[in-house]
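Working notes for the structure below.
The values are calculated or read from the model by the stated rules, or taken from the named source; none is laboratory data. Computed from a predicted structure; not experimentally measured. With ideal geometry, Cβ positions are generated from the backbone for all residues, glycine too; neighbour counts draw on all protein chains shown. Only protein heavy atoms, including side chains, enter the accessible area calculation; ligands, DNA and RNA are left aside. Shrake-Rupley method; radii C 1.70, N 1.55, O 1.52, S 1.80 Å.
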Amino acid sequence: MLKNGDKAPDFTLKDKNGNDVSLSDFRGKKVVLYFYSKDNTSGCTKQALAFAKLYDEFVKRNAEVIGVSKDSVASHLKFSEKQGLPFVLLSDPDLDAIRAYDVWQEKKMCGKTCMGVVRTTFVIDEQGVIETVMPKVKPDTNAAEILEKLS
């Protein structure tokens with residue numbers, strides 16, 4: 001897993017509208033990069049809504065929120081519209097960023113072992129260096145915890 005002080009791996013992925021978005025596009029701003037498993041699931045929706053509720057506070061602190069999952073561009077568009085999400089959602093079906101950030105890991109669910117995205121949030125500074133790594137975050141409190149770190 002990446003750690004504080006590591007250079008954040010750059011990537012280019014499609015947003016909900018099919019546009020290319022690179023992490024490097026946000027140099028000069030802090031980036032709250034969070035990885036989640038699936039659009040429209042209970043925990044992922046709670047996490048997205050918590051970030052949406054506090055989004056203006058992130059903007060006031062010169063921080064951009066970016067959510068990444070392996071869902072399709074079309075799925076992200078529907079999820080974003082349905083939930084009224086004001087921030088960037090990126091589609092990573094080939095797991096490029098997900099693997100680069102080492103959040104594709106073995107998980108145990110219902111007694112079975114499978115590979116999946118471990119809910120993890122990274123705060124990346126204005127120069128592209130990882131400032132904070134929060135693995136296995138709780139969807140309800142993650143946004144507030146990150147905002148507190150930015151204060």
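Give segment 33-45 a look and list any residue that's in a helix (DSSP H, G or I) and either open to solvent by less than 40 Å² (accessible area, probe 1.4 Å) or under 24 Å from Glu131 (Cβ atoms) (or both), or say none. Once the filter is applied, which keeps residues that are in a helix (DSSP H, G or I) and either open to solvent by less than 40 Å² (accessible area, probe 1.4 Å) or under 24 Å from Glu131 (Cβ atoms) (or both), segment 33-45 yields Gly43, Cys44, Thr45.
Leu89 fulfils the conditions (1) in contact (Cβ under 8 Å) with a residue 40 or more places away in the chain; (2) assigned to a helix (DSSP H, G or I) except for a single criterion, (2). Criterion first (in a loop (DSSP other than H, G, I, E, B), more than 17 Å from Leu23 (Cα to Cα) and open to solvent by 60 Å² or more (accessible area, probe 1.4 Å)) does Lys108 satisfy it? Answer is no for this residue. Restricting Thr113, Thr132 to residues that are closer than 16 Å to Lys7 by Cα and either in a strand (DSSP E or B) or not basic (Lys, Arg) (or both) narrows the list to Thr132.
Number of residues in segment 79-95 that are open to solvent by 20 Å² or more (accessible area, probe 1.4 Å) and closer than 17 Å to Gly43 by Cα: the value is 3.
Hey, among Lys14, Lys60, Lys30, which residue is more than 16 Å from the chain's Cα centre (by Cα) and open to solvent by 20 Å² or more (accessible area, probe 1.4 Å)? Residue meeting the stated conditions: Lys60.
Among the residues of this structure, Ala144 counts as one that is part of a helix (DSSP H, G or I) and either surrounded by fewer than 21 Cβ atoms within 10 Å (Cβ to Cβ) or of a type in the set (D, E, K, R) (or both). Taking the condition within 20 Å of Thr141 (Cβ to Cβ) and open to solvent by less than 30 Å² (accessible area, probe 1.4 Å), does Val21 pass? So Val21 fails the test. Could you identify the single residue in Met115, Met134 that is without any contact (Cβ under 8 Å) to a residue 24 or more places away in the chain and open to solvent by 60 Å² or more (accessible area, probe 1.4 Å)? Answer to the selection: Met115. Put simply, of Ile66, Ile98 the only residue that is out of contact with any helix residue (DSSP H, G or I) (no Cβ under 9 Å at 6 or more places or on another chain) and either buried (at least 18 other Cβ atoms within 10 Å of the Cβ) or among the β-branched types (Val, Ile, Thr) (or both) is Ile98.
Comparison of Ala74, Ala97 shows that the only residue that is part of a helix (DSSP H, G or I) and within 18 Å of Val32 (Cβ to Cβ) is Ala97.
Going through segment 119-129 one residue at a time, which ones are buried (at least 20 other Cβ atoms within 10 Å of the Cβ) and either part of a strand (DSSP E or B) or not basic (Lys, Arg) (or both)?
Thr120, Thr121, Phe122, Val123, Ile124 - these are the residues of segment 119-129 that are buried (at least 20 other Cβ atoms within 10 Å of the Cβ) and either part of a strand (DSSP E or B) or not basic (Lys, Arg) (or both).
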